[in-house]
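Undergrad: Please read through the structure below; I'll follow up with questions.
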Amino acid sequence: MRINKYISHNSKYSRREADKLIENGEVTVNRNKLEDFAYDVKDGDQVSIGGLHVTERTELTMIVFNKPKGTLVTRKDDRGRTTIFHKMPGKFRHFIPIGRLDFASEGLLLLTDSPKVAEVMMKGDLNRTYNIKIDKPLSPEMEEAMREGLVLDDARVGGHEKSKIYGMEFAPFVHYEIRGVSSNFTKLRVTIAEGQNRELRRFFGHFEANILDLKRVEFGGIELNNLPTGKTRYFTRREYDDTHKYLKMIKQIEAQEKKEEQDRINAERLKEKKKNQTQDQARREASANKKRQKEINQKNSNRNNPNKKNKKY
């Protein structure tokens, strides 16, 4: 995990503040002053700020937050706009959002106090379900793209004006359901298995359709249900159990992938070793053959010239 992210996840400082601390020489790793802003914290590293050790949080707490429209999923905003943490109790200020919802979107947002859990769940292929409203009827082309997937060389429509993302690939939707239709709009419930930047807005933007409302109602089996806007709740026991099962499964998959990668590396090393041994053997045999041939040539030369004597120098 990058150093500024590690600090922000395990202390009161934001990533930007962490960068400033590094710049000022206040951050050490294993008692050595850190100067590399891109340093990745490894298991066993001791990170300190001003001589105080930054302890990695290991206990797991998970909450559900019903994000209101007009709030940013960030810890601080330079322009002074309202963030989700302005709407949450102070005891959750150090929690990490799992994924994001843009400024105009609302609904279910998961947060945790575990950086590792946040990272695993953000990268996972957990299903996300949204209620959306677009400003035109659903076209056959839209439905085909929802079923088959879509690859766009230019996916800027629907993205943020300052976004550096250009092209985008959209996987087939897991599910979609039409919930209301008129000449001016269509209401849909859609489920996707990824969370790319403003993905749904970019998808429908390609078909010149604007999303008027977007509300996430489920993430990885965790449902928003009747949680009021701007309110939080802790996970239920079932939700914790399901999350632990998922994390255990991911850990097993990662361990298997790591083993397979190590087996591949070992196989390549063994292959290279055998190749080198074969080459060494070939060189030794060639050298021996050359020596034998030289001896044979010398004997033949002596036989053909019986009066020739070897000279000593």
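Undergrad: Is it the case, given these coordinates, that LYS259 is among the basic types (Lys, Arg), assigned to a helix (DSSP H, G or I) and surrounded by fewer than 18 Cβ atoms within 10 Å (Cβ to Cβ)?
TA: So LYS259 passes the test.
Undergrad: Across the range 221-230, what is the number of residues that are surrounded by 14 or more Cβ atoms within 10 Å (Cβ to Cβ) and touching a Phe, Trp or Tyr at 6+ places or on another chain (Cβ under 9 Å)?
TA: 3
Every residue, every condition in (1) without any contact (Cβ under 8 Å) to a residue 60 or more places away in the chain; (2) farther than 25 Å from GLU194 by Cα; (3) not in a loop (DSSP other than H, G, I, E, B), yes or no:
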| position | (1), (2), (3) |
| --- | --- |
| ILE7 | yes, yes, yes |
| TYR13 | yes, yes, no |
| ALA38 | yes, yes, no |
| LEU101 | no, no, no |
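Undergrad: Please pick out the residue among ARG237, ARG283 that is surrounded by 10 or more Cβ atoms within 10 Å (Cβ to Cβ) and more than 26 Å from the chain's Cα centre (by Cα).
TA: ARG283
Undergrad: Of the conditions (1) touching a residue at least 40 places away in the same chain (Cβ under 8 Å); (2) loosely packed, with under 10 Cβ neighbours inside 10 Å, ASN305 satisfies every one except a single condition; which number is it?
TA: With respect to (1) touching a residue at least 40 places away in the same chain (Cβ under 8 Å); (2) loosely packed, with under 10 Cβ neighbours inside 10 Å, ASN305 is out only on (1).
Undergrad: Of (1) in a loop (DSSP other than H, G, I, E, B); (2) in contact with a Leu (Cβ under 7 Å, 6 or more places away or on another chain), ASP125 satisfies all except one. Which?
TA: (2)
Undergrad: Checking the conditions here, which among THR232, THR243 is β-branched (Val, Ile, Thr), closer than 27 Å to GLY90 by Cα and in contact with a helix residue (DSSP H, G or I) (Cβ under 7 Å, 6 or more places away or on another chain)?
TA: Working: THR243 fails: in contact with a helix residue (DSSP H, G or I) (Cβ under 7 Å, 6 or more places away or on another chain).
The match here is THR232.
Undergrad: Follow-up. Got a number for residues in the range 144-187 being at positive phi and touching a helix residue (DSSP H, G or I) at 6+ places or on another chain (Cβ under 9 Å)?
TA: Total meeting the criteria: 1.
Undergrad: Please count how many residues of the range 110-122 are part of a strand (DSSP E or B) and closer than 18 Å to SER14 by Cβ.
TA: From the range 110-122, those part of a strand (DSSP E or B) are 110-112; that's our starting set.
Okay, now just the ones that are also closer than 18 Å to SER14 by Cβ, so 111-112.
Selection size over the range 110-122: 2.
Undergrad: If you go through the range 124-137 one residue at a time, do you hit one that is within 30 Å of LYS245 (Cβ to Cβ) and of a type in the set (D, E, K, R)?
TA: Yes, the range 124-137 contains at least one residue that is within 30 Å of LYS245 (Cβ to Cβ) and of a type in the set (D, E, K, R).
Undergrad: Hey, could you check the range 29-59 for residues that are of a type in the set (D, E, K, R) and closer than 12 Å to ILE7 by Cα and say which is modelled with the lowest pLDDT?
TA: ARG57
Undergrad: Another question, then. Look at SER11 and say whether it is at pLDDT 90 or above and among the small types (Gly, Ala, Ser).
TA: Spelling it out, it is not the case that SER11 is at pLDDT 90 or above and among the small types (Gly, Ala, Ser).
Undergrad: Which ones in the range 61-84 are without any contact (Cβ under 8 Å) to a residue 12 or more places away in the chain and among the aliphatic types (A, V, I, L, M)?
TA: Correct list: empty.
Undergrad: Right, another one. Kindly evaluate ALA38 against the criterion of being within 19 Å of GLU119 (Cβ to Cβ), surrounded by fewer than 13 Cβ atoms within 10 Å (Cβ to Cβ) and not assigned by TED's automatic domain parsing to the domain that holds ARG93. Talk me through it step by step, then tell me what you get.
TA: On the way: within 19 Å of GLU119 (Cβ to Cβ): yes; surrounded by fewer than 13 Cβ atoms within 10 Å (Cβ to Cβ): yes; not assigned by TED's automatic domain parsing to the domain that holds ARG93: yes.
Answer is yes for this residue.
Undergrad: Wholly within the range 134-217, which strands (runs of 3 or more DSSP E) include no fewer than the required count, namely at least 2 residues that are surrounded by fewer than 19 Cβ atoms within 10 Å (Cβ to Cβ)?
TA: 150-152, 175-181, 186-192
Undergrad: Starting from residues that are more than 20 Å from GLY158 (Cβ to Cβ) and of a type in the set (Val, Ile, Thr), keep the ones in the range 104-146 and report whichever is farthest from the chain's Cα centre (by Cα).
TA: So, considering only residues that are more than 20 Å from GLY158 (Cβ to Cβ) and of a type in the set (Val, Ile, Thr), the one farthest from the chain's Cα centre (by Cα) is THR112.
The values are calculated or read from the model by the stated rules, or taken from the named source; none is laboratory data. Here the structure is a predicted model, which is why all the values come from computation and not from measurement. Ideal geometry is used to build each Cβ from the backbone, glycine not excepted, and the neighbour counts take in all protein chains shown.
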